[in-house]
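> Dropping a structure here in structure tokens format, bear with me for questions.
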Amino acid sequence: MTEKEKMLAGQVYNATDPELIEELNAVKDIIHEYNLLRPSDLEGRRQMLMQLLGHVADDRVFINQPFFCDYGKHISVGRRFFANFNLTILDEALVTIGDDCFIGPNVSIYTACHSTNPTERNSRREWARPVNIGHNVWIGGSATILPGVNIGNNVTIGAGSVVVHDIPDNCIAVGNPCKVVKELKI
């Protein structure tokens, strides 16, 4: 398997592989161009997102600039997706976001994992775990979603939360670590 195939399969891979570095740099150039588009160029921004992201369910995708991601094509967004300023998605694994999701400013979604052992970490070997976010989810500003997390449908994640475990459907969850504080009757 190539290092890219290992990465997408959730296996340990070499993050300094030349193919991966080349692809990361190409996407950084696209992201740079996106972030330099005039905010009023809504059509240009939409078209660029449609090309950058792996799947966009409809043409009502909207991500305020600046936006940052690693590969782009490992990100899938549902209908009527909205994200505010400074969304960062490290999409070494798939990031799937459902319909009618709102993401507040300064939110980070991570799939990349690194060893806590410094010797292993310094080898630049890592792995990735997918993140899945259901339909009708609102993620409050400055929240962080960690690798391998699944967030259910009809969920609100409170501002500043750090989501380290799965969050079930129909609830409000807040804190560090993020925990369910209210179940919703839907």
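> Can you find even one residue in the stretch 26-45 that is under 17 Å from Val107 (Cβ atoms), open to solvent by 70 Å² or more (accessible area, probe 1.4 Å) and at pLDDT 95 or above?
The answer is no; no qualifying residue exists.
> Restricting to the stretch 44-90, name every residue that is among the hydroxyl-bearing types (Ser, Thr, Tyr) and more than 15 Å from Ile31 (Cβ to Cβ).
Ser76
> I've got another one for you. Counting just the residues of the stretch 134-186 that are β-branched (Val, Ile, Thr) and not in a strand (DSSP E or B), which one comes out nearest to Phe102 (Cα to Cα)?
The qualifying residue nearest to Phe102 (Cα to Cα) is Val137.
> Further question: Return the pair list, or none, for Cβ contacts closer than 6 Å from residues in the stretch 29-57 that are farther than 18 Å from Phe82 by Cβ to residues that are in a helix (DSSP H, G or I), at least 6 apart or on different chains.
Between residues of the stretch 29-57 that are farther than 18 Å from Phe82 by Cβ and residues that are in a helix (DSSP H, G or I), the close pairs are Ile30/Leu52.
> Please give the number of the condition Asp59 fails out of (1) crowded, with 19+ Cβ neighbours inside 10 Å; (2) at pLDDT below 95.
For Asp59, the failing item is (1).
The values are calculated or read from the model by the stated rules, or taken from the named source; none is laboratory data. Owing to the predicted nature of the structure, the values given are computational and were not obtained by experimental measurement. Don't worry about glycine lacking a Cβ; one is built from the backbone with ideal geometry, like all the others, and counts go over all protein chains shown. Ligands, DNA and RNA are excluded from the accessible area calculation, which covers all protein heavy atoms including side chains. Shrake-Rupley method; radii C 1.70, N 1.55, O 1.52, S 1.80 Å.
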